[in-house]
Structures are given as structure tokens and as C-alpha cells.
Amino acid sequence: MSEQKYYLPEPSYWPLVGSIGLFTTVFGFAHALEYGNGGVGNLTMMYIGLAIIAFMMFGWFGTVIRESEGGKYNAQVDTTFRMAMMWFIFSEVMFFAAFFGALFYARQLSVPWLGGADPVTHQYLWPKFSAGWPLLHTPDPSKYAAPKDVIDAAGIPLLNTIILLSSSVTVTLAHHALKANKRGALTFWLLITVILGFTFLGFQAHEYIEAYTELNLKLTSGIYGTTFFMLTGFHGLHVTIGATMLTIMLLRVLKGHFKPDHHFAFEAASWYWHFVDVVWVGLFIFVYWL
Amino acid sequence: MSASKTIKSLIGLLGAVLTFAPAAAMAGYELNLHPGVTKISHEIYDLHMLVLWIVTIVGILVFGVMIYSIINHRKSKGVTPATFHESTTVEVIWTVIPFVILVAIAVPATKTLLQMSDMSNPDINIKVVGWQWKWEYDYLDNGVHYFSNLADSSVKASELGSGADVYKVDHYLREVDHPMVVPVGKKVRLLITGADVIHSWWVPKLGVKHDAIPGHVNESWFRADKVGTYRGQCAELCGKGHGFMPIVVKVVSEADYQSWLGEQKKAAMAAAQSTNKVFTKDELMKHGEKVYNSSCAACHQPNGKGLPGVFPALAGSKTVDGPIEGHLHTVVFGRPGTAMQAFGKQLSAVDIAAVVTYERNSFGNHMGDMAQPSDVVAVEKQNSK
Amino acid sequence: MSDHHHPTGIKRWLFTTNHKDIGTLYLWFSFIMLLMGGSMAMVIRAELYEPGLQFVNPNFFNMMTTLHGLIMVFGAIMPATVGLANWCIPMMIGAPDMALPRMNNWSFWILPFAAFMLVSPMFMGGHFMAGQGPNFGWTFYEPLSGQYGKLAFFIFAIHLLGISSIMGSINIIATILNMRAPGMTLMKMPMFVWTWLITAFLLIAVMPVLAGAVTMMLTDKYFGTAFFEAAGGGDPVLFQHVFWFFGHPEVYIMILPAFGIVSQIIPTFSRKKLFGYASMVYATAAIAFLSFIVWAHHMFVVGMPVAGELYFMYATVMISVPTAVKVFNWTATMWRGSMTFEVPMLWAVAFVFLFTIGGFTGLMLGVAPADFQYTDTYFVVAHFHYVLVTGALFAIIGGVYYWLPKWTGHMYNETLSKTHFWLSVISVNVLFFPQHFLGLEGMPRRIPDYSPMFADWNRISSLGGFVFGASQLLFLFIVIKTIRGGEKATDQVWEGAEGLEWTVPSPAPYHTFETAPEVK
Ligand code: HEA
Ligand code: HEA
Ligand code: CUA
Ligand SMILES: [Cu+2]
């Protein structure tokens, strides 16, 4: 706050550590996928890489937090962070857009085509296949065994929708409390948000187990299972990231960080949480419900 | 490659750059699209020429202004720079003009496109399947069905370091063993699909190019106005044999077409009968070599050594030097998830028996045994349950 | 700041947070990639010099084509424009540095690792000449790419490239929107800054989609999903839709910064303001917008419903309108200027001519029925090399000559660099113009061997290619020579140059504009 000049950091080794971490992770993973889990590159290598990335995050964000709490960032730096976070979330939106695009393409085009909307394809290649959504029989059942049934939107998914929407409200309440400098309310609402987030994940895990064990709905059960698990799975991954971010914010709150007018990290985490929430609404409508 | 050829090439280029027309007249230097032999290919040609002329004229105008400016508006000529830097009128005009030109192009283009997609009233229906790396033709109306491979002469000459003079090979890389044969003046509807990866069936002079997509069927059609042989090539990267799967279409008179159909049916009957025949080892080896070169050599190499790390060697291979049932099984059903295809669908029992026999007794493999067509049928039956 | 201790030697480059250092890193990286990708192009041209297979087997050839395309696009052109952005944007808008200097370092230092991931399978197990690197074309269409044995390495290389580009773009947007000197309003920004602002937006919008595409490939191949498998209800063509939703904006990602560079150079050497500044900005934005809705013009022959074909044809040819505005504006800028033809201007003028030719063939390709004949032939290869080599690459080379005196403090050698220009501009046409004829004659692209009917033009093209390749070695020599010494450059460097970067000393000091300049 105090500095007039835009803060320019010293040379730093964290980015390079991050690159090495990323590389170790993906090289290990690729090697394990291609050659099985052996040799120089394997899942151990991947775990080491992930550990390096975690180490880098602690180091890098630690530095940023120190600089921030040390008053080195002026309002302009704050604006930069805000913009960066917004554009980052936009890029995440586009990532999900690719998978939603695949879902719409499958539902509106490829499945109907295979089932007869494209008469020649149907007649010459898949005469026995009839289209439908949810897809309870695949064009070639010997390669992709269809699910027995799919998850009912009115059950856990609806509950999870309520949970996630409420958590968006509670995180906003926490934000208002922070701005009003009510630390107690802040801690309370943030704690509730985190609990709701992890509850959501618990239900989601339960639903996956049910899908695999009882419904025979799997990643490998054709395009329905494919889009279902990829969309909800990536969303679940993002919930995990968001909930972790909020947990860290909670810890920082307990350490006395953030001021009513200076709490970008908190805001960034809550934006991210809202984003995860909005994606879920899309999922609920297009994956579970319609 | 002689020096004189190089010089000839350079002169050719100079000619082309200086003036389009005279260079076009020079033998060997094709410059433009061929109008082709179907109504559609003519329309495409006209469209191509229309747009080509438009851009040539626009180009001459724009480049003309630039060249004029470059020559005259130089500091060395003592010009002092003007100060204008915008003019709404001019800017609107040169936004609208291109737009108008585009509309003028879009109208005929739309017409042609609609005609191309009119599949109604076909006279003949042929299912075309792209394989790595050959074409399969299935005459749906009369049961004629066969594969079309790159001609033997080209296969040999196109080997790396073959030393062959490819100029002496007839239609090098653009000749097949069994061309598609169709009658002149008839609407031929193609149902195009892919067996493994995407290919694209393209014969420029027929004005047809359509992708062969695995799992989906594309429709296309042509009606050739002239008897003749028309050549094309696969037009979608499909792996290492992409440059080696040409397409040849023979357009013949109706009478020739009928007699060709008759021959095909006879040949098919003879092949069906030979499944019950017992062959000598020599017969199998001789036929096997032929099958090997057209169906297997592309990957496993003519010497059976494969490409290390990419395609396995057959010389000393575990499968080839193992029990014959396993060997037959691999050839008939392929190895899912690898480039090894299920040849049971593509080759006759005789072919498979022959090629397996050949592989077991070549490239330094000395198994000494042989397979008969009946063995192949047995393997096929046993596993299709 | 400047009195702080700074690491020297290798650590300076590994840990740097300085936009000029990072710009330099990007530029050298891209130069090395140009040489690598170019060497691969030389292998391609050597093999295609004559019909018959002489040097490499078909698999190796496919690998050369694939890696050539990928390395040129992701390794040479994109990093070069990012390098220029790093060097120039802060100086042009009067900012002390990029908005997020540490992340800037990270964006760069992911790249070498990504490049390693991409090419390392070439050397894994077995024979090098067998061609075990990626061999499915730079567009990596499914299901062909699914057959490739080391796909995971390729996929993660693309993920890394995506992460790098997204972070780089976020940084550029934040810098431009948040770090401008007082008085530097948006509509006063140099054109190069504008084009990069819009490019960065395109990147953030489409790189995640590319990441999505490769993720789908990953799960299809290793985890049994069915995105691109009709047997499970998917469609191989879906891959192409996702890829080209990225791929088409990608080609404008490569050309928009080039437009920006040319829009800086032409006014300088015409001694006249850029004509139609506002319409240039709007045209750039229009091109960016249109680029999102034309992708399937790469897929006219996959068998789309005819309504789709028509729509994509109309939308595609529309892009000619804003591009035409740009070409006309450059022409009008030169009109009644007081022109001189220093080396940067030569490249810029060559750009306008030759890019336009590439644009014309683009328009021809956009006419769907005609594209049935052109697609996947050398006509397309000719089109995109005109827009990429004589377009993007020429503008980048022009930009390097333009700013080199500012970076190094020295003028380049005039004779050598004119030689470089004339050799390049002649040979590049010998290289790529005949490829139009080849395509029209019926030569497919991505083939290692061809019928003798295509021999003559291929031979000419290869000869042009060898000369063009050799000329770029001359470029390398000139750049190194200029860094080492040469005539001292003035601060203004060019008589007609305008803009903040020309107000600081040459070479530009390590830190510029630590206190923001006032822009009137
Ligand atoms: C820098 C990169 C770049 C640029 C700028 C462009 C610009 C354009 N491209 Fe190109 N293109 C590529 C890179 C680029 N392209 C690449 C890499 C491929 C191949 C990918 C692959 O398959 O590997 C490709 C392929 C490609 C295809 C697919 C071909 C095929 O595979 O079948 C098509 C089809 O429509 C196309 C169209 C266009 C159009 C209409 C433009 C327009 O933007 C051009 C507009 C410009 C002008 C028209 C000139 C200036 C205008 C005037 C002077 C005014 C006069 C105008 C009128 C006459 C109206 N391009
Ligand atoms: C983005 C930019 C870009 C650039 C700059 C280039 C530059 C060149 N390209 Fe390429 N090209 C692509 C993008 C680019 N290309 C893409 C996207 C494809 C499609 C790939 C695909 O189909 O998947 C392609 C495909 C492609 C093909 C078609 C291959 C095929 O279909 O099989 C050919 C063939 O001639 C070719 C040639 C060249 C040549 C000769 C150059 C030259 O301009 C290169 C000049 C530079 C050098 C040569 C480097 C400097 C010199 C040395 C290192 C010393 C060695 C030199 C000598 C021995 C003389 N390119
Ligand atoms: Cu088949 Cu290319
Ligand atoms: Cu495009």
C-alpha cells in the first residue's frame, strides 16, 4: 500500500523449479503410460514431480504473501492480480467449453447420425443401433459395454446443487464479513464454505462408486460415460482445487491475514469458487437433468 | 538428375514468372487445374477461374498503386510527406467493394455446392472403403467386390534406395492392380468410409474428393462424360503408405462394363471353389510372395526385417517361428490396438494360407510347414463363436 | 531497483525477471527452432527433389513434415512474436516492465522442456531413421494419431505449450491494460500493442480448447473413452472440429502481431502517420471475432451437412473484408509519403505484396466447391507458406532489423542485410510459387514420393528452398555480427520513427521508464 512505484520482483528461481516440476510430472506420467510402470520414468517420477510443484507453490506463494503483507504492493499491483485471475478463470471456462462442445456434438449430431439421422451411415455400418440419450446401448457393445442405467438427477445431484449454491452464498457472506472487519463471522462463514465443499466431494465420490458398482456406468461405457465422467470429473478436480484454496484462506484468516481493503487472495479464491459453482449448474442441467 | 534438366527447369520457371500463357504451352509444365470430365468438375473449374481472375485483377490494381507509390513517392525524389491520415469516405468505399465482390462469388459457389450434394437417382452404387493402404470397392447392386492395391511395378520401384528409374515405370505411383470400372454417362453414387483411419478418395478429373471416415459413411457422386482412365491419390494423411494408395477409375462403355461384370463374377466363383483345394508348397510359396508384397511388405518390409521400433520383424519372430495356429490367428484377426490389421476380412483363405506359408519359409525362417485354405477356414470358425 | 545486485552468467538467464532478458531468451529460442524446423524442411525438399525415394523412408518423412510444422508454428513463429512483445510492449507504453515479471520467466522456461517432450521420442529405443517421433501431421487427426506409439509424450508437450502461452498472454493483457503511462490512452497505443492485445485474447480463448482436444485423445487412447470412436457413439470428425476451433484462430495468432510490426515499420519509413488508425484497430478486432466462426473451412470434404458447408463458406470469405481494409490502409500510408527503403522497410513492403498473394489463395480455398479440388494438395501448402513465411516470418525478420539497433546499440551491416533480403525474397518465390501449380496438377501434400508428372516443379521448388535456407544462415551471421559491434546507432535510429521506445538510449538500458513518462 505504501509504495508509490509498481513493485518489480528480484530475479527468482521459483519459475524454473516450477518448470522442472511440471516436466518431471508429465515425463514420468507419459513414460508410465507408454512403457508400463518401470524404467527411468514411471509413476514414482510423476509423484516426485508433483511434490516439486507443491514445493514451488509453497515457496512462490509464500514469497508473494510476504511481499503483500510487507506492504510492497500498491493498488496498481492489486489490479494486475485481479486481471490475471479473471483471465485465468476465462481460460478455464474455455477448457470446459471444449468438453461441453463434445457433449453437445455427441448428443445433437454424432449419436443421432449413427442411429439413422444419417441414413447411409446407419444402414451400412450400424443397422442395429438406435439413437437415444442417455445412451443405454452403444453402436458396438463388444467394444463399449453400455451402462444399465444412469444417475438420477433428482437424487444426489440435486442435493449437490443445493450444497454448492449455498456454499457460494456462504463465501459471499464471509467476504462481506471481511469487508466489515468482522473476523468472527468471517471465520465462521468461511469454515462453513469449506465444509460444504468437501461434503460435495464426498457425495460425488459416493455417486461414482455407485455408478461403477451398481449401474455399470463407467468411463468406458461409450460416449455417455465418456462425457459424464470427463465433465463431472474435471469439475470435481476443480472443486478440489477451489476447496483447497479456500482452506488455505481459512488458515490465513486464522493467522490474522487480510485487511478489509486489502485481501486480493481471498477474493481470487472466492471468484474461483463462484466459477466452479456456475460450471456445476451447467453440468446439472445438461449432464444430469436434460 | 542431369544438369541440363536443372537448367531446363530454371528456364521453365522464368517463363512461368514472366508470362503465364507461353509457359503453359511448354511441354511438361502444367500450371492450372484440369477442367475434368464431369459437369461438376467443369463447374468447379469455372468457379476456380472466376475467383482467379478476380484476385488477379484486384491484385493488379492494388499492387499497381503500391508500385506507383514506391517509384514516385520517395524521399530521394524530394517529396515532402503529405499529412492526411484518414478519410471515412474512402474507408467505407473500400470496405463495401470487397463485400460486393464476395457476394458475386458466393452465388455461383452456392449453386455448385447444392448440385454436388444432390444424391438422388443413382444408376450404380459402390461402397468405397479406405484401408491402410489400399482401397476396397463393393458394387452394392451386383455383388462384385475386390481390393485395389498399388501396382507391383510401383511397389518395387518405390522402395528406399531401389535404384529403379521411376521415369520408366508406367504411371509410377498412380497405377493399381484392380481399378474401379464404371460405365460412361451413368450416375455413380459412392458410399465412402474408412476401415482404420481417415483417408480421402480423390480423382481430380471426376471432381470428387471425399473423406473416408471410420464409423461414418459419406456420400458422393459423379457422372463421367468421356470414356477413359482417370487417376487420383489418397488425399488425407493416413500413415506411412499415404503416398502409395492411388485410385484409378476406368470409365468404359456400357457393353464393356457388362462384360467386365461378368468376368468378375466368374473369378469370384473360381476363388470360392479353390478354398477346398489342396495346394503344393511351391504353389503356396509363389502365390504367398505376391500376397506378401502387396499386403504385408509396406510395414514388415520386403526383406521381412520390419522397421525397428515401429514395425516388428518377421525374420526370427516369435509368432512366425511358433505354432502355425497362432500365426494364422494373428493374420486372420490382427492384433487389436496395433497397426496389425485383421486380414481375414481382406484376403481370401487361399491368400492367407499362401502368405503364412511364405512367411514361415522365408527371411531365414525355416519352419518347413505349410497352411492350406481349409486350415484358415478352421481358425476363422473356431474363433468366431 | 537498478542498484540491486543482479546475478550474472547463466543464472541471469535462468532466474531473470527482466522483460528485455526474457524477450532475448524468447527470440533466441525461436531462432534455434527456426533452424531446426528449417533443417527438417530441407530434408523434405531434398527427398522431394526427385521422384523415387532417395534419402528417408516414408515414416521418417512423415515425422519430418509433422515436426517441421509443429516446430515452426509453436517453436519459431509464436515465441518470436512473444519475444518482440516482451521487448517492445513495456517500452512502447511507458511501463517499467511486464506486469507479472516472475510469471513471465516461467512462461518462457516451460518452452524448452515442452520442445524436449516433443522431440525426445525421436531418440527413444530402436533406430533413429525408423522415425519414431510424431508422424501424423501437425494437425494430429484422430484416429491416425491414436496409432502412434508414443502419443503421451506428444500430448503433454502440447499441454506444456498451452500453459506457457496462456500465462504469457495473461501477462501481456495485464501489462497493456494496467501498465500504460499516464496519457497513453488505448486509442493512442502503437498498432503493435493493439494487435498483441487482441492476439493475447485469442490465445487465452483457444489454447485451453487445444488442451481439451489433446486431453480427449489421452483418455481415448489410455483410459477407454469414446470421444472419437463411432463404436461408442463418438465421431473422429469431432476431433477436427475441436482442433480447428483452436487451429483457425491460431493462424491469426501468428499473423496479427505481424500486422502490428508492419504497421510500425511502414509509417516510419514513409514519414507519414499510419492511415486509418481507428479502422485498423476495428479491422483487427473484426478479424479476431470472425476467426472463431470459420473453423470448418479446413473440413469441407469431411462430409458436413450442406447447410454447414454453406455457412462456413460465407463466413470464411468474409474475413477478406477486414483484411482488405488493412492492405488498403498500408497502401494509403505509403501513398504520397516520403519513402526510403532501409532494410526493415524492404521486408515490410515484401510482406504486403506476398501476404496479399497468400490471402488471395486463401480466398480461393474458402470457396467450398473449389476447395474440394484444392484441399490436401500443394495448393494449400503454397497458400499457407505465403501467409506464414512471406507473411509472419518476413514481418518478424523485418521487425528484428527494425529494433535490432535499439536492442544492441549497433547498426546492422547494410550490404549484407540487403543481400539477405534480395536472396530471400527471390528464392522464397522460387520455393513456394511453383507449389501452386503442383497442387492444381493434383499433387497431394504429405507424400514422400510422387509421380514423375510432378517432377519439374518439385525440382524448382527444392532449388529455391535450398537457397532460401542458406540465406537464413546469412541472417544468423548478420545478427551475431551486429550484437558484437558495428556503427553506433542513435537513440532515434530512424529519421521517421515515432514512439516511446525511440526516446530511450540505444542500446536500451536494462531498466526503462522506472518513473512513467507523460504522454501528451
Ligand atoms: C498466417 C496464417 C494464415 C492466414 C493469415 C490465413 C488466411 C486465410 N486463409 Fe488460410 N491457412 C493457413 C494459414 C493462414 N491462412 C494454414 C497454416 C492453413 C493449412 C492448415 C493445414 O491444413 O495444415 C490454411 C488453410 C486454409 C484453408 C483450408 C484449405 C484446405 O485445407 O482445404 C482455407 C479455406 O478456406 C483458408 C482460407 C483462408 C482465408 C480466406 C484467409 C484470409 O484471412 C485471407 C484474407 C486476405 C486477403 C483476401 C488478401 C487481402 C485482400 C485484398 C487485397 C482485398 C481484395 C479482396 C477481395 C478480392 C475480396 N486457409
Ligand atoms: C510457421 C511457419 C513455417 C515456416 C517458416 C516454414 C518454412 C518452410 N517450409 Fe513449411 N510448413 C509449415 C509451416 C512453416 N514452414 C506447416 C504448418 C506445414 C504443414 C505440416 C503438415 O503438413 O503437417 C509445412 C509443410 C511444409 C511442406 C509440405 C510437406 C508435406 O506436405 O509433406 C514443405 C515442402 O516443401 C515445406 C517447406 C518449407 C520450407 C522449404 C521452408 C523454409 O522457409 C525454411 C527455411 C529455413 C531454413 C532452411 C533454416 C535455416 C538454415 C539452416 C538450418 C541450414 C541448413 C540449410 C541448408 C542445408 C540449405 N513446409
Ligand atoms: Cu490413405 Cu492417405
Ligand atoms: Cu483457417
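The values are calculated or read from the model by the stated rules, or taken from the named source; none is laboratory data. The shown structure was predicted, so the numbers you read here are calculated from the model rather than taken from an experiment. All Cβ positions, glycine included, derive from the backbone under ideal geometry; neighbour counts span all protein chains shown.
Odds and ends about this structure:
- Extreme residue, surrounded by the most Cβ atoms within 10 Å (Cβ to Cβ), among residues of the stretch B:243-287 that are in contact with a helix residue (DSSP H, G or I) (Cβ under 6 Å, 6 or more places away or on another chain) and aliphatic (A, V, I, L, M): B:Leu284
- The listed residue being free of Cβ contacts under 8 Å to residues at least 12 places away in the same chain, surrounded by fewer than 19 Cβ atoms within 10 Å (Cβ to Cβ), farther than 30 Å from A:Gln108 by Cβ and under 18 Å from the mean Cα position of the chain (by Cα), out of A:Thr244, A:Thr240: A:Thr244
- Applying the criterion of being at the interface with another protein chain (Cβ under 7 Å from one of its Cβ atoms) and modelled with pLDDT of 85 or more to the residues of the stretch B:71-100, the residue that is farthest from C:Gly496 (Cα to Cα) is B:Phe99.
- Count of the stretch C:288-327 residues which are more than 12 Å from chain B (Cβ to nearest Cβ), within 30 Å of B:Val65 (Cα to Cα) and either among the hydrophobic types (A, V, I, L, M, F, W, C) or within 16 Å of ligand 3 (Cβ to nearest atom) (or both): 3
- Any hit, the stretch C:294-304, residues being at pLDDT below 95, buried (at least 22 other Cβ atoms within 10 Å of the Cβ), away from ligand 1 (no atom under 11 Å from the Cβ) and more than 27 Å from C:Trp422 (Cβ to Cβ): yes
- The number of residues in the stretch B:27-70 being among the polar types (S, T, N, Q), at the interface with another protein chain (Cβ under 7 Å from one of its Cβ atoms) and farther than 26 Å from C:Trp335 by Cα comes to 1.
- Matching option when the condition is free of Cβ contacts under 8 Å to residues at least 24 places away in the same chain and aromatic (Phe, Trp, Tyr), among A:Tyr212, A:Tyr288: A:Tyr212
- First in the stretch C:103-121 and without any contact (Cβ under 8 Å) to a residue 40 or more places away in the chain, second anywhere and assigned to a helix (DSSP H, G or I) and surrounded by 24 or more Cβ atoms within 10 Å (Cβ to Cβ), Cβ under 7 Å, 6 or more apart: C:Ser120/C:Phe153; C:Pro121/C:Phe153
- Matching residues in the stretch C:329-345 - criterion: being buried (at least 24 other Cβ atoms within 10 Å of the Cβ) and at the interface with another protein chain (Cβ under 7 Å from one of its Cβ atoms): C:Met334, C:Gly337, C:Met339
- Per-region count, the stretch C:46-75, residues more than 16 Å from C:Leu34 (Cα to Cα) and either within 10 Å of ligand 2 (Cβ to nearest atom) or in a helix (DSSP H, G or I) (or both): 9
- Those helices (runs of 4 or more DSSP H) of the stretch B:246-325 in which 3 or more residues are modelled with pLDDT of 85 or more occupy B:254-274, B:281-291.
- All positions within the stretch A:188-197 that are of a type in the set (Phe, Trp, Tyr) and either surrounded by fewer than 16 Cβ atoms within 10 Å (Cβ to Cβ) or at positive phi (or both): A:Phe188
- Conditions (1) touching a Leu at 6+ places or on another chain (Cβ under 8 Å); (2) surrounded by fewer than 21 Cβ atoms within 10 Å (Cβ to Cβ): number failed by A:Asn42: (1)
- Residue match in the stretch A:222-232 (condition: surrounded by fewer than 19 Cβ atoms within 10 Å (Cβ to Cβ), within 14 Å of chain C (Cβ to nearest Cβ) and not charged (D, E, K, R)): no
- Output for the stretch C:118-143, where each listed residue is away from chain B (no Cβ under 14 Å) and either surrounded by 24 or more Cβ atoms within 10 Å (Cβ to Cβ) or among the basic types (Lys, Arg) (or both): C:Leu118
- Only one of the numbered conditions (1) surrounded by fewer than 18 Cβ atoms within 10 Å (Cβ to Cβ); (2) over 24 Å from A:Phe88 (Cα atoms) is not met by A:Val169, and that is (2).
- In the stretch B:206-239, residue surrounded by the fewest Cβ atoms within 10 Å (Cβ to Cβ) [restricted to those that are away from ligand 1 (no atom under 16 Å from the Cβ), under 19 Å from B:Ala151 (Cβ atoms) and touching a residue at least 60 places away in the same chain (Cβ under 8 Å)]: B:Gly228
- Here the stretch C:280-293 is the region considered, the condition is being of a type in the set (Gly, Ala, Ser) and in contact with a Leu (Cβ under 8 Å, 6 or more places away or on another chain), and the residue that is farthest from ligand 1 (Cβ to nearest atom) is C:Ala288.
- Put simply, of A:Trp280, A:Trp271 the only residue that is of a type in the set (Phe, Trp, Tyr) and buried (at least 19 other Cβ atoms within 10 Å of the Cβ) is A:Trp280.
- Filter result for C:Phe355 (in a helix (DSSP H, G or I), out of contact with any helix residue (DSSP H, G or I) (no Cβ under 7 Å at 6 or more places or on another chain) and within 16 Å of ligand 4 (Cβ to nearest atom)): no
- Looking only at residues in the stretch C:48-59 that are touching a residue at least 60 places away in the same chain (Cβ under 8 Å) and touching a helix residue (DSSP H, G or I) at 6+ places or on another chain (Cβ under 6 Å), the one that is nearest to ligand 4 (Cβ to nearest atom) is C:Leu48.
- Qualifying position, being within 11 Å of chain C (Cβ to nearest Cβ), away from ligand 3 (no atom under 16 Å from the Cβ) and either of a type in the set (A, V, I, L, M, F, W, C) or over 29 Å from C:Phe239 (Cα atoms) (or both), among B:Tyr292, B:Tyr230, B:Tyr257: B:Tyr230
- Selection status of C:Val380, within 16 Å of ligand 3 (Cβ to nearest atom), modelled with pLDDT of 95 or more, more than 8 Å from chain B (Cβ to nearest Cβ) and closer than 24 Å to C:Ala76 by Cβ: yes
- Of the strands (runs of 3 or more DSSP E) that lie entirely inside the stretch B:157-240, those containing 3 or more residues that are closer than 30 Å to B:Pro302 by Cα span B:199-203, B:228-233.
- A:His137 being in contact with a helix residue (DSSP H, G or I) (Cβ under 7 Å, 6 or more places away or on another chain) and not small (Gly, Ala, Ser): no
- Qualifying residue in the stretch C:191-202 (condition: in a helix (DSSP H, G or I), within 7 Å of another protein chain (Cβ to nearest Cβ) and out of contact with any strand residue (DSSP E or B) (no Cβ under 8 Å at 6 or more places or on another chain)): no
- Residue list for the stretch A:87-105, filter: surrounded by fewer than 19 Cβ atoms within 10 Å (Cβ to Cβ), within 7 Å of chain C (Cβ to nearest Cβ) and either in contact with a Phe, Trp or Tyr (Cβ under 6 Å, 6 or more places away or on another chain) or farther than 14 Å from C:Val206 by Cβ (or both): A:Phe88
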